[in-house]
Ligand code: KIV
């Protein structure tokens, strides 16, 4: 597709001061809808562990889980940039594993991969970029590290922690990342990173002064009854779906579904032929 959005377009958008819009998607129709709405980037996030598979965290998510949902999204042939999240332990162990796993995601149709962390993973990010794999960083709150971070805490409240987030983002740019997600971080820190970096910042719960924003699709559409406080709900699909399914159940129970036009009938001629055949069978009641 000629107007397909690629990683370098994100950098161009930052240069032009054009805000970047991203949202997660995990299925074929989600990707279709997101693309038709004109969103710039789709993340096949490891958040699927929670919002699709019902796990308590992103830690159990596997490469196979991401591949499965990535294929569904790619089959929608979106114009939007497709970023595949690298799940916990698919890139931390060695540069070789990081390159091999990221390569699998690109071969399955991703346009880029995303990894969580700063200093600890720079050599892996560098190796992936050298192998020709566009990498999106992810700093601030790293949900894959919630156990060592002491929970899903807001980042950057204290100057020392703020410096850690800023330095992590700068280091990721230095080793070749094309953009960086900043999650659950005070707005002043995200603004500082945005000012210092040439590559775009895509924020989630990190305030308005970023080059773009990303949200989980379930939170945007109201499919998650308990969204995080930084998300904004643009529809109430959870209740829309309950209402639709209740009305469907009611119609089935009272015989109102299916109605004429919602099923097929035989022609009169074929029906009379069938009746004739049936009467010839002694054991079948009409
Ligand atoms: O997995 C995900 O959905 C994410 C976003 C929260 C950025 O990483």
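The values are calculated or read from the model by the stated rules, or taken from the named source; none is laboratory data. Here the structure is a predicted model, which means the values were calculated and not measured. In this analysis, Cβ positions are derived from the backbone assuming ideal geometry, glycine residues included, and neighbour counts consider all displayed protein chains.
Looking at (1) crowded, with 18+ Cβ neighbours inside 10 Å; (2) farther than 21 Å from residue 143 by Cβ; (3) within 12 Å of the chain's Cα centre (by Cα), which is the one condition that is false for residue 49?
(2)
Would you check which residues across region 246-269 are surrounded by 10 or more Cβ atoms within 10 Å (Cβ to Cβ) and either over 40 Å from the mean Cα position of the chain (by Cα) or not in a helix (DSSP H, G or I) (or both) and list them?
256, 257, 258, 266
Could you check how many residues of region 20-40 are under 14 Å from residue 212 (Cα atoms) and touching a helix residue (DSSP H, G or I) at 6+ places or on another chain (Cβ under 8 Å)?
Residues meeting the conditions: 4.
Would it be correct to say that residue 64 is free of Cβ contacts under 8 Å to residues at least 60 places away in the same chain, buried (at least 18 other Cβ atoms within 10 Å of the Cβ), out of contact with any helix residue (DSSP H, G or I) (no Cβ under 7 Å at 6 or more places or on another chain) and not in a loop (DSSP other than H, G, I, E, B)? First the steps, then the outcome.
On the way: free of Cβ contacts under 8 Å to residues at least 60 places away in the same chain: yes; buried (at least 18 other Cβ atoms within 10 Å of the Cβ): no; out of contact with any helix residue (DSSP H, G or I) (no Cβ under 7 Å at 6 or more places or on another chain): yes; not in a loop (DSSP other than H, G, I, E, B): yes.
So residue 64 fails the test.
Suppose we filter 125, 186, 180, 165 for residues that are at pLDDT 95 or above, more than 26 Å from residue 100 (Cα to Cα) and either in contact with a strand residue (DSSP E or B) (Cβ under 6 Å, 6 or more places away or on another chain) or within 16 Å of the ligand (Cβ to nearest atom) (or both); which single one remains? Lay out the reasoning, then the answer.
Numbers: 125 fails: more than 26 Å from residue 100 (Cα to Cα); 186 fails: either in contact with a strand residue (DSSP E or B) (Cβ under 6 Å, 6 or more places away or on another chain) or within 16 Å of the ligand (Cβ to nearest atom) (or both); 180 fails: more than 26 Å from residue 100 (Cα to Cα).
Answer to the selection: 165.
So which of 236, 211, 243 ends up being closer than 29 Å to residue 49 by Cβ, crowded, with 16+ Cβ neighbours inside 10 Å and at pLDDT 95 or above? Break it down stepwise before answering.
Values: 236 fails: crowded, with 16+ Cβ neighbours inside 10 Å; 243 fails: crowded, with 16+ Cβ neighbours inside 10 Å.
Sole residue among the options that is closer than 29 Å to residue 49 by Cβ, crowded, with 16+ Cβ neighbours inside 10 Å and at pLDDT 95 or above: 211.
So if I check each of 122, 43, 147, which one is on the phi < 0 side of the Ramachandran plot, touching a helix residue (DSSP H, G or I) at 6+ places or on another chain (Cβ under 6 Å), in the same structural domain as residue 12 (by TED's automatic domain parsing) and not in a loop (DSSP other than H, G, I, E, B)?
After ruling out the rest, the residue left standing is 122.
The rows are residues; the columns are (1) farther than 17 Å from residue 218 by Cβ; (2) surrounded by 22 or more Cβ atoms within 10 Å (Cβ to Cβ); (3) touching a residue at least 40 places away in the same chain (Cβ under 8 Å).
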| residue | (1), (2), (3) |
| --- | --- |
| 75 | yes, no, yes |
| 82 | yes, yes, yes |
| 85 | no, yes, yes |
| 91 | yes, yes, no |
| 96 | yes, no, no |
| 103 | yes, no, no |
| 107 | yes, no, no |
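Given the options 243, 219, name the one that is assigned to a helix (DSSP H, G or I) and within 16 Å of the ligand (Cβ to nearest atom).
219
Take residue 252 and decide whether it is within 16 Å of the ligand (Cβ to nearest atom) and without any contact (Cβ under 8 Å) to a residue 60 or more places away in the chain.
Considered against the rule, which asks whether it is within 16 Å of the ligand (Cβ to nearest atom) and without any contact (Cβ under 8 Å) to a residue 60 or more places away in the chain, residue 252 comes out as no.
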